[in-house]
Amino acid sequence: MSKPNARLPTALAALAALSVLLAAPPIVSADETGEPAKTALGNEVPERKRTTLGLYVTAAEAYEMWLSAADKVKVIDVRTPEEYAFVGHPEMSWNIPIAFVTYQCKGGRFEYGSRMNPDFVAHVLEVAAPTDVLLVTCRSGGRSAMAVNALAAAGFKNAYNIVDGVEGDKVHDPDSVFDGKRMRNGWKNSAPWVYSIDPERVILEQGTARQAQ
């Protein structure tokens with residue numbers, strides 16, 4: 001039986017690897033006018049969240065879009081399966097990771113990193129056509145921008161980046177108990193979400209679960 005703290009190095013390694021993933025800058029582009037990219041609400045989109053398609057929505061806007069045409073709009077959550085399961089997710093979303101956290105133990109030491117999902121676009125094509133409206137989300141808009149760019153390169157035309165993601169942006173208020181926490185916006189602070197998982201909506205490469213053991 002494992003000691004109570006035996007899993008702690010593994011957990012810390014996974015979190016560190018995830019931080020590497022989150023810091024990876026997406027390919028960005030300015031819009032044709034040279035003006036800052038904006039959502040329908042007029043909020044400026046940070047450069048790292050911009051995409052080649054230039055289509056942006058907030059989580060609140062995305063939920064309203066889905067409500068108005070649930071049969072035509074798909075929500076794609078590109079976070080890791082761990083985030084999708086344990087942080088929570090939009091109930092209608094498909095979990096198709098853009099990348100995975102990797103870690104292993106060698107010689108008594110934990111090694112960790114990240115691995116891009118080479119089948120990401122192919123997996124999206126299993127549930128959506130290039131002409132479909134896709135609302136793409138991650139934690140807070142960075143990885144989803146990478147995902148939208150990958151989809152755009154494959155011919156998708158209507159992929160929107162949800163710029164505040166599932167968890168949202170951080171509160172910056174030293175006087176608040178939520179300072180530094182992702183409580184400003186995001187799907188979890190704007191729209192319904194769940195922990196329960198529909199296995200049919202989690203699309204992974206064959207063998208992923210075995211590799212993680």
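The values are calculated or read from the model by the stated rules, or taken from the named source; none is laboratory data. If you're wondering where the values come from, they're calculated on a predicted model, not measured in any experiment. Quick reminder, even Gly has a Cβ in these numbers, built from the backbone with ideal geometry, and neighbours come from all protein chains shown.
Just to be sure before I move on: is V194 at pLDDT 80 or above and surrounded by 20 or more Cβ atoms within 10 Å (Cβ to Cβ) in the structure I sent? Break it down into steps so the answer makes sense when it comes.
Values: at pLDDT 80 or above: yes; surrounded by 20 or more Cβ atoms within 10 Å (Cβ to Cβ): no.
For V194, the condition - at pLDDT 80 or above and surrounded by 20 or more Cβ atoms within 10 Å (Cβ to Cβ) - is not met.
So, in region 109-126, how many residues would count as being under 14 Å from Y160 (Cβ atoms) and in contact with a Phe, Trp or Tyr (Cβ under 6 Å, 6 or more places away or on another chain)?
Filtering region 109-126 down to residues under 14 Å from Y160 (Cβ atoms) leaves 124.
With the extra rule that they be in contact with a Phe, Trp or Tyr (Cβ under 6 Å, 6 or more places away or on another chain), the set shrinks to none.
So the count comes out to 0.
Which pairs turn up if I take residues in region 122-138 that are closer than 13 Å to V73 by Cα and look for partners that are in a strand (DSSP E or B) and polar (S, T, N, Q) with beta carbon separation below 9 Å, at least 6 apart in sequence or on another chain?
Every condition considered, the pairs that remain are L135/N161; V136/N161.
State which residue is nearest to I197 (Cα to Cα) when the search covers only region 73-113 and only residues that are basic (K, R) and at pLDDT 95 or above.
Residues of region 73-113 that are basic (K, R), as a first pass: 74, 79, 106, 109.
Subsequent filtering for residues that are at pLDDT 95 or above retains 74, 79.
Values: K74: 17, R79: 14 Å.
Looking at residues that are basic (K, R) and at pLDDT 95 or above, I get R79.
Mind listing whichever residues of region 127-167 are touching a Phe, Trp or Tyr at 6+ places or on another chain (Cβ under 9 Å) and farther than 19 Å from V45 by Cβ?
Within region 127-167, V127, A128, A129, P130, T131, D132 meet the criteria.
Take region 47-81 and flag every residue that is under 26 Å from M116 (Cα atoms) and of a type in the set (K, R).
In the first step, residues of region 47-81 are kept if they are under 26 Å from M116 (Cα atoms); the result is 47-59, 62, 73-81.
Listed by number, the residues that qualify are R48, K49, R50, K74, R79.
Give me the residue from region 165-176 that is touching a strand residue (DSSP E or B) at 6+ places or on another chain (Cβ under 9 Å) and of a type outside the set (G, A, S) and, out of that set, farthest from T80 (Cα to Cα).
First, pick out the residues of region 165-176 that are touching a strand residue (DSSP E or B) at 6+ places or on another chain (Cβ under 9 Å): 165-166, 170-173.
So of that shortlist, the ones also of a type outside the set (G, A, S) come out as 166, 170-173.
Details: V166: 12, K170: 20, V171: 24, H172: 26, D173: 29 Å.
So, considering only residues that are touching a strand residue (DSSP E or B) at 6+ places or on another chain (Cβ under 9 Å) and of a type outside the set (G, A, S), the one farthest from T80 (Cα to Cα) is D173.
Being closer than 24 Å to K181 by Cα and of a type outside the set (A, V, I, L, M) is the filter here, so list the residues in region 115-147 that pass it.
T137, C138, R139, S140, G141, G142, R143, S144
Looking only at strands (runs of 3 or more DSSP E) that lie completely in region 60-169, which have at least 1 residues being surrounded by fewer than 23 Cβ atoms within 10 Å (Cβ to Cβ)? Steps first, answer last, please.
Numbers: elements: 73-77, 99-106, 109-116, 133-137, 159-162.
In region 60-169, the matching strands (runs of 3 or more DSSP E) lie at 73-77, 99-106, 109-116, 133-137.
Taking S144, is it touching a Cys at 6+ places or on another chain (Cβ under 7 Å) and either of a type in the set (F, W, Y) or within 23 Å of V87 (Cβ to Cβ) (or both)? Working first, answer last.
On the way: touching a Cys at 6+ places or on another chain (Cβ under 7 Å): yes; either of a type in the set (F, W, Y) or within 23 Å of V87 (Cβ to Cβ) (or both): yes.
Against the criterion (touching a Cys at 6+ places or on another chain (Cβ under 7 Å) and either of a type in the set (F, W, Y) or within 23 Å of V87 (Cβ to Cβ) (or both)), S144 qualifies.
Determine, yes or no, whether D31 is in contact with a Gly (Cβ under 8 Å, 6 or more places away or on another chain) and either at pLDDT below 95 or surrounded by fewer than 15 Cβ atoms within 10 Å (Cβ to Cβ) (or both).
Details: in contact with a Gly (Cβ under 8 Å, 6 or more places away or on another chain): yes; either at pLDDT below 95 or surrounded by fewer than 15 Cβ atoms within 10 Å (Cβ to Cβ) (or both): yes.
For D31, the condition - in contact with a Gly (Cβ under 8 Å, 6 or more places away or on another chain) and either at pLDDT below 95 or surrounded by fewer than 15 Cβ atoms within 10 Å (Cβ to Cβ) (or both) - is met.
For region 125-138, does any single residue satisfy the condition of being over 21 Å from V57 (Cα atoms), modelled with pLDDT of 95 or more and among the charged types (D, E, K, R)?
The answer is yes, given that some residue of region 125-138 is over 21 Å from V57 (Cα atoms), modelled with pLDDT of 95 or more and among the charged types (D, E, K, R).
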